[in-house]
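For reference, the structure discussed in these notes is given below.
The values are calculated or read from the model by the stated rules, or taken from the named source; none is laboratory data. Remember, predicted model here, so these are calculated numbers, not experimental data. No Cβ is skipped: glycine too gets one built from the backbone with ideal geometry, and neighbour counts run over all protein chains shown. All accessible areas refer to the heavy atoms of the entire protein, side chains included, with ligands and DNA or RNA removed. Shrake-Rupley method; radii C 1.70, N 1.55, O 1.52, S 1.80 Å.
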Amino acid sequence: MAYLTLKDINKIYPNGYHAVHNFNLEIGKGEFIVFVGPSGCGKSTTLRMIAGLEDISNGDFLINGKRANDWGPREREVAMVFQSYALYPQMTVFDNIAFGLTLQGVDEEVIEEKVKNTARILGLTDYLDRLPRALSGGQRQRVAIGRAIIRKVGVFLMDEPLSNLDAKQRVTMRSEIAQIHRETGATTIYVTHDQTEAMTLADRIVVMKDGYVQQIGTPYELYHDPVNVFVAGFIGEPPMNFIRAVVKGGKVPFGSNLLDISPWLGNQGKKYEGKEIVFGFRPEAIELGERNNAYRVRAQVELPEMLGDNTNVYITAGADKAILKVDPHDTPEIDSAITFSIPYDDVYLFNGETEMVIEKTAQKSLQKSK
Ligand code: ADP
């Protein structure tokens, strides 16, 4: 098991494209780290620099405290699982998993024991004699993971390993990957664009955008204390609602509702008067009806979307739109007028220009999470 240090890591591709900017991170032994962000934000590039498949343009990369920038992939003792899992079609599951060890000339008995142990962890014991074509997509991906984890490596790298699976298989494999991590305890870095995968798997998540790290934290921290509009909108499903408006008399218009944010801004009130602000609240934070210690908002129901365990209600208030997550028993009628309440404690305010969270809100939510 290894610990890793990334200090001011940059990647500038030969064509001049600056794909990763000053990436800083310490990864502890056995930690499960997820890089998440939209396509093209630099996740794979960073992972490939860690794997030794891509040069590091600038910065220091350390494995167990030793500078490893110039080490080859083998010296780094990493194993990588890619999006497309290329198995050898003419080889059985056993031989596919054993392949790396066979190449290294490891004793047959040792190989047999290791393959069996790996197959047990992955639930492949009954499939060892099969060829890949006689397996489901999820089983094939497990074989690919088996091939990677059978070798003793310091770090396990996974680049969107579930993206070729259907929705149901993804959910199953997700919990299996968590289980494999618990059993092997290997330091793991996992790349995905899917925030649900990130939230369910990670000890810590690194949120990236346009080659820059936006925030690093536990799933809990990112959900409760996002540093900016991007992270707030990226983590959580359905995403946080944002009302962008100019502050007037300490109030934010949300349709025809005037929400008094002056208590939150306190002595920063003057600074934001006449400036654009982003008022954020999560769909699941609201309550239907009028509550105390909450903003009360009158709105129009555009569409209630019944999902079984909850209903997503799409509402409009003037030109503003939002999604409310409600109990299915309370689903309002389409086109009806409703009032809902946003508890003061569940509101986020962001600077409309910089998109950074406004401190008062951050302090408030930090206190809440203690
Ligand atoms: P992600 O994994 O987050 O989808 P990547 O790390 O693959 O993003 O890519 C980050 C950015 O770097 C993208 O804009 C991509 O087009 C660019 N890029 C990737 N590989 C190369 C390359 N070999 N040369 C130039 N630009 C590249």
In debye to the nearest 20, the charge dipole size for the chain, taken about the Cα centre with +1 at each Lys and Arg Cβ and -1 at each Asp and Glu Cβ, equals 600
Under 20 Å by backbone N from the virtual spin label 7 Å along Cα-to-Cβ at residue 53, the residues of the stretch 76-100 are 76-89, 96-100
Residues other than residue 259 with Cβ under 12 Å of its Cβ, Lys/Arg counted +1 and Asp/Glu -1, net out at +2
Per the charge dipole of the stretch 240-369 (beta-carbon charges, Lys/Arg positive, Asp/Glu negative, Cα centre), the residue among 301, 356, 317 reaching farthest to the positive end is 356
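What shape does the chain have by the C-alpha gyration tensor, where a ≥ b ≥ c are the square roots of the eigenvalues, rounded means a/c under 1.5, and otherwise prolate means a/b greater than b/c and oblate the rest?
The shape class here is prolate.
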Once phi for every residue in the stretch 54-71 is put through the Karplus expression 6.51 cos²θ - 1.76 cosθ + 1.60 (θ = phi - 60°), the whole-Hz ³J(HN,Hα) values, with Gly and Pro written as x, are 9, 5, 8, 6, 8, x, 10, 10, 10, 10, 6, x, 9, 5, 10, 3, 9, 6
So residue 66 and residue 218, fully extended at 0.36 nm per residue minus their Cα-Cα distance, gain in nm 52.1 nm
Phi-derived 3J(HN,Hα) across the stretch 290-298 with the Karplus relation (6.51, -1.76, 1.60, θ = phi - 60°), rounded Hz, x for Gly and Pro, is 9, 10, 7, 6, 8, 6, 9, 10, 8
Straight-line reach check, residue 251, cutoff 16 Å on alpha carbons, 8 or more apart in-chain or any other chain, hits among aspartates and glutamates -> 260, 273, 276, 320
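Tell me, in nm to one decimal, what length is gained between residue 325 and residue 134 on full extension, where the rule is 0.36 nm per residue of separation less the Cα-Cα distance?
The residue 325-residue 134 span can extend by a further 64.5 nm.
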Taking Cα atoms, the helix 137-149 axis meets the longest principal axis of the chain at an angle in degrees (rounded to 10) of 60
In debye to the nearest 20, the charge dipole size for the stretch 31-159, taken about the Cα centre with +1 at each Lys and Arg Cβ and -1 at each Asp and Glu Cβ, equals 320
Of the candidates 167, 249, 193, the farthest towards the positive dipole end of the stretch 144-281 (Lys/Arg Cβ +1, Asp/Glu Cβ -1, centred on the Cα centre) is 249
So residue 339 and residue 99, fully extended at 0.36 nm per residue minus their Cα-Cα distance, gain in nm 80.1 nm
Per the 1/(1 + (r/R0)^6) rule, R0 = 51 Å and r from the Cβ atoms of residue 108 and residue 309, FRET efficiency to 0.05 is 0.50
To the nearest Å², the heavy-atom accessible area per residue of the chain with 1.4 Å probe amounts to 48
So the carbon and sulfur contribution to the accessible area of the chain, 1.4 Å probe, in percent, is 48
Among 114/209; 11/271; 11/114; 43/168, the pairs whose Cα-Cα distance exceeds 30 Å are 114/209; 11/271; 11/114
Dividing the mean separation of Cα pairs under 8 Å (6+ apart) by the residue count of the stretch 240-369 yields a relative contact order in percent of 27
